[in-house]
Each structure stands twice: as C-alpha cells, then as structure tokens.
1. Take residue 59 and tell me if it is within 16 Å of residue 7 (Cβ to Cβ), assigned to a loop (DSSP other than H, G, I, E, B) and not polar (S, T, N, Q).
2. Suppose the filter is outside any strand (DSSP E or B), of a type in the set (Asp, Glu) and open to solvent by 40 Å² or more (accessible area, probe 1.4 Å); does residue 79 pass it?
3. Please verify whether residue 64 is among the acidic types (Asp, Glu) and surrounded by 11 or more Cβ atoms within 10 Å (Cβ to Cβ), treating the condition exactly as stated.
4. Would you point out the residue of region 1-21, among those that are hydroxyl-bearing (Ser, Thr, Tyr) and outside any loop (DSSP other than H, G, I, E, B), that is most open to solvent (accessible area, probe 1.4 Å)?
5. Report whether or not residue 69 is of a type outside the set (A, V, I, L, M, F, W, C), touching a Phe, Trp or Tyr at 6+ places or on another chain (Cβ under 7 Å) and open to solvent by less than 70 Å² (accessible area, probe 1.4 Å).
6. Among the residues of region 1-12, write down those that are under 24 Å from residue 69 (Cβ atoms), within 16 Å of the chain's Cα centre (by Cα) and not hydrophobic (A, V, I, L, M, F, W, C).
Amino acid sequence: MDNPLILTFEALKRLPRAASTSDIHCVTSWSRYDNRWNGVSTQELAAHAGIRPEAHFAILTSHDGYTTNLALADFLHEDALLAHSWDGAPLTVG
C-alpha cells in the first residue's frame, strides 16, 4: 500500500456501519455466547485503503503501538469487521 489508511477512533465511527454476532471461546475453558458487535466492515476499510493486487497480508497498528498482521483473505472475510461497540455499548479508547 502506498498510502496507509490512518483513522482516528472518531473517524472510524463515521464510516458505514456493519454488525455481527459471534461466540467467544477462550482457551482457559470459558465461553460467552451471542456477542453483538458493531463496527466497520474490513471490506469497507480495504476499499478506502487501496490495496495492491500483489498484497497477501494486512498490518494493523493500534493507537498505543500494538501491531498485528493477518492474511488478507482472513482480513477481508465477509463477516470481518473492526469493532467500535460491543453489546450496544461503545468501546473506549484506553
């Protein structure tokens, strides 16, 4: 990508919204069912970023410097979103 997409939390919340419901299963043997997420589709983010045809991975960096990468196919999955709220409450920037 020649021009990384950089969004503030407020700018992210102004993009078109997507919703998803999922279960969380932790390796420590607990589960939480029917988590309702709202955010922005990763496909929407990709449309704004302008991904190169030869790209295979997405790199994400948080406001506090945490960085992760994942396969572009996983990032662009039809159900994937970058969440800004959970179960009706906004996530906070901490």
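The values are calculated or read from the model by the stated rules, or taken from the named source; none is laboratory data. Bear in mind the structure is a predicted one, so any value in this text is a computation, not a measurement. Cβ: placed from backbone, ideal geometry, glycine included. Neighbour counts: every protein chain shown. To get the accessible areas, we keep the full protein, side chains included, count just its heavy atoms, and leave off ligands, DNA and RNA. Shrake-Rupley method; radii C 1.70, N 1.55, O 1.52, S 1.80 Å.
1. When the stated conditions are applied, residue 59 does not pass them.
2. Details: outside any strand (DSSP E or B): yes; of a type in the set (Asp, Glu): yes; open to solvent by 40 Å² or more (accessible area, probe 1.4 Å): yes.
Considered against the rule, which asks whether it is outside any strand (DSSP E or B), of a type in the set (Asp, Glu) and open to solvent by 40 Å² or more (accessible area, probe 1.4 Å), residue 79 comes out as yes.
3. For residue 64, the condition - among the acidic types (Asp, Glu) and surrounded by 11 or more Cβ atoms within 10 Å (Cβ to Cβ) - is not met.
4. The extreme case among them is 21.
5. Working: of a type outside the set (A, V, I, L, M, F, W, C): yes; touching a Phe, Trp or Tyr at 6+ places or on another chain (Cβ under 7 Å): yes; open to solvent by less than 70 Å² (accessible area, probe 1.4 Å): no.
So residue 69 fails the test.
6. 4, 8
A quick yes/no check of all residues on (1) part of a loop (DSSP other than H, G, I, E, B); (2) in contact (Cβ under 8 Å) with a residue 60 or more places away in the chain; (3) within 13 Å of the chain's Cα centre (by Cα):
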| residue | (1), (2), (3) |
| --- | --- |
| 23 | no, no, no |
| 43 | no, no, yes |
| 64 | yes, no, no |
| 70 | no, no, yes |
| 73 | no, no, no |
